[in-house]
Every structure is written in structure tokens, then in C-alpha cells.
1. Within segment 39-56, take every residue that is of a type in the set (A, V, I, L, M) and outside any strand (DSSP E or B) and give me the one that is surrounded by the most Cβ atoms within 10 Å (Cβ to Cβ).
2. Take residue 22 and tell me if it is at pLDDT below 95 and within 18 Å of residue 153 (Cα to Cα).
3. It is to be established whether one or more residues within segment 73-95 are assigned to a strand (DSSP E or B) and hydrophobic (A, V, I, L, M, F, W, C).
4. Being buried (at least 17 other Cβ atoms within 10 Å of the Cβ), under 16 Å from the mean Cα position of the chain (by Cα) and of a type in the set (D, E, K, R) narrows it down to one of 151, 171, 109, so name that one.
5. Here's a check for you: in segment 57-89, which residue that is within 17 Å of residue 36 (Cβ to Cβ) and of a type in the set (Gly, Ala, Ser) is surrounded by the most Cβ atoms within 10 Å (Cβ to Cβ)?
6. Being within 20 Å of residue 71 (Cβ to Cβ), buried (at least 17 other Cβ atoms within 10 Å of the Cβ) and either acidic (Asp, Glu) or touching a Leu at 6+ places or on another chain (Cβ under 8 Å) (or both): is that true of residue 144 here?
7. Can you go through 81, 50 and tell me which one is over 15 Å from the mean Cα position of the chain (by Cα) and of a type in the set (S, T, N, Q)?
8. Restricting attention to segment 23-79, report how many residues are under 18 Å from residue 174 (Cβ atoms) and charged (D, E, K, R).
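The values are calculated or read from the model by the stated rules, or taken from the named source; none is laboratory data. Remember, predicted model here, so these are calculated numbers, not experimental data. Positions of Cβ are generated from backbone atoms using ideal geometry, with glycine treated the same way; all protein chains shown enter the neighbour counts.
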Amino acid sequence: MLAAAALYSMLVLCLGVISLAAWPANEHAASAQQLSVTAALAQELDRRITAADCFVASPGPGWPASLQSELVKSRGEAPGTIPIDPSAPPTAYVRAATGCAAVITFREDVSEVAQAFIALPPYWPYYRAIDQWVRSPSSGYTLDQSWQFTDLPPYVEHPLGRYQGLSLTVDLFVRGPAHS
């Protein structure tokens, strides 16, 4: 019985290794890119805001949680985010965002972002309101840095490795003048 369990475990392990080796390169690259952009964005946020600050997140690979986990300080504190309250109008979300030190948004419309990341349609007006507000000169925020996602797979089911790649640009805005 023990030998059968060991043989079964070895078979599952071998099949897993074969599956990983056969995984399409573009899918591997997209995953690595999402990790890399998230890490770089978290690093820049860490330079620009404190654990007492908050930031506004857009839909992204596990955002805001994956960013917050990168920003946890030695005492366990991390910057907060403001949740979308669908019972309030988008203008209330923008008002709440004015208290945050940073805003993450995409250059592309949220309908396009939703092809690669989870962005529920009822929240789209909130993301659009934030994007329009933060890009306006009266917001008091400036573009700090941008990152590119290229050849992203669609969020929906697709044949492995075969898809029309999506390119997106994520922008980080910070309150006050941008650094040089």
C-alpha cells in the first residue's frame, strides 16, 4: 500500500513537471510581468507614502492586497486603501480619495482593463471618476511613474497560449510635485 502511494505521488509529480515545462512561454512571461510590475509599483509606493497614508488602487494582479503585502512594515502596519461603496455616488469615492497620498490608475478605459483583470461593471463609473479627477490639473496630484503590461492574456477562459495579447499602461500619481 505504501509503495502504491509512493508510485502515485511520483506519477503526479512527474505529470506536474511535464505540464509546467509544456506551459506556453507567453503565459509564463505574462505572469512574470505581472509580478515584476506589482513589485516595482510597490517599491515606488514604499518610497512615496508611509504606513499612515492610504492609496487608491485600480484593478490589477491581486491589487490592492498584493501591493499592501509588499508594503507591510516591521510592526505589521501598511498603507490602507479606500473601498468603493456602490451605495454612494462616484463623486463620494473621489472625495474620499483626496485624503490619500497616491492614486494608481490605467491610461486605458476600465472596460479594456477588465479584459485582463477583475473589474466588475458596477464599479466602472468609480474607476472612471477617479481617473478623470486625478489627471485634472486641479487634483493636486502629479504623475510619478508609469509601467507597461504587454501581451497580457484575457481574464476569461482561453486556449492556453493562444490569445490576442492586451497591452496596458498603469500610472502612479502622488500628491504634490513629482520627484525627479
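1. 45
2. Numbers: at pLDDT below 95: yes; within 18 Å of residue 153 (Cα to Cα): yes.
It is true that residue 22 is at pLDDT below 95 and within 18 Å of residue 153 (Cα to Cα).
3. Quick first cut of segment 73-95, residues assigned to a strand (DSSP E or B) only: 80-81.
Imposing the further condition that a residue be hydrophobic (A, V, I, L, M, F, W, C) reduces the set to none.
No, segment 73-95 has no match at all.
4. Unique residue meeting the criteria: 171.
5. 60
6. Answer is yes for this residue.
7. Exactly one residue qualifies, and that residue is 50.
8. 6
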